[in-house]
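I have placed the structure first, in the form of structure tokens, so that the comments after it can refer back to it.
The values are calculated or read from the model by the stated rules, or taken from the named source; none is laboratory data. Computed from a predicted model, the values in this text were never measured in an experiment.
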Amino acid sequence: MANQFPNSGKLSPNKYKDNPKKPDMTGELVMTKDAIKELLAESPADEVTIKLGAWKMQGAHGEWVRLSWNNYKPKAPVNPYVQPKQDTLDDSDIPF
């Protein structure tokens, strides 16, 4: 699966669940080293938030969930009192 969907994973029902403390589903999330390095480099904090997307799928062995991740980057708050920087144009070569 890692080759088909890079930086993705899969969850399947836990066939070994014999008590309520065991997880309902188990699986894996496969990430490239480059993706992990990028996550660490982009985050100044000790924590990295990863958003997950999930799709219910049907396979030969029953239902499973395909996972996809996205590095969550919160948007910087916009200050309504600060005007965006305007590019200054050099119009000296315009013939009119």
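Structural remarks
- Residues in segment 16-55 that are in a strand (DSSP E or B) and polar (S, T, N, Q): Thr26 only.
- Subset of segment 11-58 that is modelled with pLDDT of 85 or more and of a type in the set (S, T, N, Q) - its residue that is farthest from Asn70 (Cα to Cα): Asn19
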